[in-house]
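**Q** Here you go, one structure.
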């Protein structure tokens with residue numbers, strides 16, 4: 001799968017801010033993106049740590065606990 005935009009003139013260059021009302025400078029957008037990526041990294045790490053704790057405590061993986069939770073909450077469902 002090709003990842004480029006198809007516009008060879010623009011590929012390889014940083015996006016230039018478009019002037020207009022409400023536009024943020026590129027540095028602000030870059031920092032906001034970095035903040036979002038960092039938040040996602042911390043979220044995934046917390047989920048991973050929680051899953052490991054559940055595995056140690058119960059011997060079940062996160063998806064197994066999730067499936068059992070759904071089966072317990074929905075009486076019409078069965079594991080078979």
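The values are calculated or read from the model by the stated rules, or taken from the named source; none is laboratory data. Source: prediction; values computed, not measured. In this analysis, Cβ positions are derived from the backbone assuming ideal geometry, glycine residues included, and neighbour counts consider all displayed protein chains.
**Q** Taking the stated definitions as given, is residue 43 at pLDDT 95 or above and in a loop (DSSP other than H, G, I, E, B)?
**A** Taking the combined requirement at face value, the residue does not satisfy it.
**Q** Give me the pairs, please: first residue somewhere in region 69-80 and modelled with pLDDT of 90 or more, second residue anywhere and surrounded by fewer than 10 Cβ atoms within 10 Å (Cβ to Cβ) and assigned to a loop (DSSP other than H, G, I, E, B), beta-carbon distance under 9 Å, and either six or more positions apart or on two chains.
**A** Close Cβ pairs (under 9 Å, with a partner that is surrounded by fewer than 10 Cβ atoms within 10 Å (Cβ to Cβ) and assigned to a loop (DSSP other than H, G, I, E, B)) amount to 71/78; 71/79.
**Q** Something else about it: Where residues in region 58-80 are over 24 Å from the mean Cα position of the chain (by Cα) and surrounded by 10 or more Cβ atoms within 10 Å (Cβ to Cβ), which of them is nearest to residue 48 (Cα to Cα)? Step through it out loud before you land on a result.
**A** To start, the set of residues in region 58-80 that are over 24 Å from the mean Cα position of the chain (by Cα) comprises 58-59, 68, 71-80.
Next cut, surrounded by 10 or more Cβ atoms within 10 Å (Cβ to Cβ) only: 58, 68, 71, 77.
On the way: 58: 15, 68: 19, 71: 23, 77: 28 Å.
It comes out as 58.
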